[in-house]
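Take a look at the structure below.
The values are calculated or read from the model by the stated rules, or taken from the named source; none is laboratory data. Since the model is a prediction, treat every value here as computed from it, not as a measurement. Positions of Cβ are generated from backbone atoms using ideal geometry, with glycine treated the same way; all protein chains shown enter the neighbour counts. Accessible surface areas use protein heavy atoms only, side chains included; no ligands, DNA or RNA. Shrake-Rupley method; radii C 1.70, N 1.55, O 1.52, S 1.80 Å.
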Amino acid sequence: MFYGILIISLIITLSAQAFVSMTYSKTRKIKNINNLTGSEVARQILDKNGLRNVQVVETPGSLSDHYDPRSKVVRLSTEVYHSPSIASVAVAAHECGHAIQDDTNYIFMNIRAAIVPIVNFASYAGYFAIMIGFFASAMNLVWFGIIMECVILLFQLITLPVEFNASSRALKQIKELNFLDKKEYRKGKSMLTAAAMTYVASVATTLLEIFRLVLMANRRND
């Protein structure tokens, strides 16, 4: 059963990654009707929403796009920043969705930011507690590690509405500003849906991992 859970987790993770990679690969090759780059889309969305103080900058890497709430900066990967593709429009709009969340004090975003230090501690402490606990047959340490895994799961659950809401805001901006035509809009929506599924997959795999650890801990107690 333990190996079965690991295999299922691996399948879920790889499937989600393959889905987003495949969708991105398709939409990144299609130029949008307005020939707008990701940086141009981001700037227009931010200005429309009164966020002229938020900068749009290029960052290295592929799909490394993110919004930095501390610096008030939308960071777009090189391809998204410069390319006039449907994928660039969707990704840039999504990151601007996070900037709008920040500006409107979106509650789930604030909660997620507040618990980041706790989650960082839990990710390290939980791993070592579980590893040492099983090795030394110290089950109290194992259960502490499982609790830390539950903290990570809570963070991932809070992340879900943050990401889905950002995509919803992105699609609204794309429609209102006529960045894409109807056919392109559907493709852009598919791109954002695929990206969101990676977060759902993370929740599922963490749940399975906690279940696996609980089974192992109970087996040691028997």
Fill in the blank from the handout: Sole miss for S64 among (1) assigned to a loop (DSSP other than H, G, I, E, B); (2) at pLDDT 95 or above is condition (2)
Practice task
Looking only at segment 122-168, count how many residues are in contact (Cβ under 8 Å) with a residue 24 or more places away in the chain, small (G, A, S) and either in contact with a strand residue (DSSP E or B) (Cβ under 7 Å, 6 or more places away or on another chain) or within 21 Å of M216 (Cβ to Cβ) (or both).
Solution key: 5
Handout entry: Residues being open to solvent by less than 50 Å² (accessible area, probe 1.4 Å) and closer than 24 Å to Q173 by Cα - total across segment 186-208
Key = 7
Exercise for the section: Please work out if R28 is touching a helix residue (DSSP H, G or I) at 6+ places or on another chain (Cβ under 7 Å) and either surrounded by 15 or more Cβ atoms within 10 Å (Cβ to Cβ) or over 23 Å from M197 (Cβ atoms) (or both). Expected result: yes
Exercise for the section: Return yes or no: is K183 crowded, with 16+ Cβ neighbours inside 10 Å, under 21 Å from K26 (Cβ atoms) and basic (K, R)? Expected result: no
Handout entry: Residue list for segment 62-80, filter: within 17 Å of K29 (Cβ to Cβ) and open to solvent by 40 Å² or more (accessible area, probe 1.4 Å)
Key = S62, L63, T78, E79
Problem - Checking F211 against (1) at pLDDT below 95; (2) crowded, with 17+ Cβ neighbours inside 10 Å, the condition it does not meet - result: (2)
Completion exercise
The residue that is farthest from the chain's Cα centre (by Cα), considering only those in segment 24-56 that are assigned to a strand (DSSP E or B) and within 15 Å of S88 (Cβ to Cβ), is K31
Exercise for the section: Would you be able to say whether some residue in segment 3-12 is open to solvent by less than 70 Å² (accessible area, probe 1.4 Å), in contact with a Phe, Trp or Tyr (Cβ under 9 Å, 6 or more places away or on another chain), assigned to a loop (DSSP other than H, G, I, E, B) and among the β-branched types (V, I, T)? Expected result: no
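Sort out which residues of segment 115-140 are part of a helix (DSSP H, G or I) and open to solvent by 70 Å² or more (accessible area, probe 1.4 Å), and write them in order of number.
The answer is P117, I118, N120, F121, Y124, Y127, F128, M131, I132, F135, N140.
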Exercise for the section: Tally the residues that are outside any helix (DSSP H, G or I) and aromatic (F, W, Y), restricting the search to segment 163-222. Expected result: 1
Problem - Lone qualifier among V73, V54 - being at pLDDT 95 or above and within 20 Å of K172 (Cβ to Cβ) - result: V54
Handout entry: Residues that are under 24 Å from I107 (Cα atoms) and not polar (S, T, N, Q), drawn from segment 134-160
Key = M148, E149, C150, V151, I152, L153, L154, F155, L157, I158, L160
Exercise for the section: Mind telling me which of the residues S9, S88, S71, S21 ends up being touching a His at 6+ places or on another chain (Cβ under 9 Å) and among the small types (G, A, S)? Expected result: S88
Exercise for the section: For segment 74-88, state whether one or more residues are assigned to a helix (DSSP H, G or I) and without any contact (Cβ under 8 Å) to a residue 12 or more places away in the chain. Expected result: no
Problem - Output for segment 48-61, where each listed residue is over 20 Å from Y106 (Cα atoms) and open to solvent by less than 90 Å² (accessible area, probe 1.4 Å) - result: V56, V57, E58, T59, G61
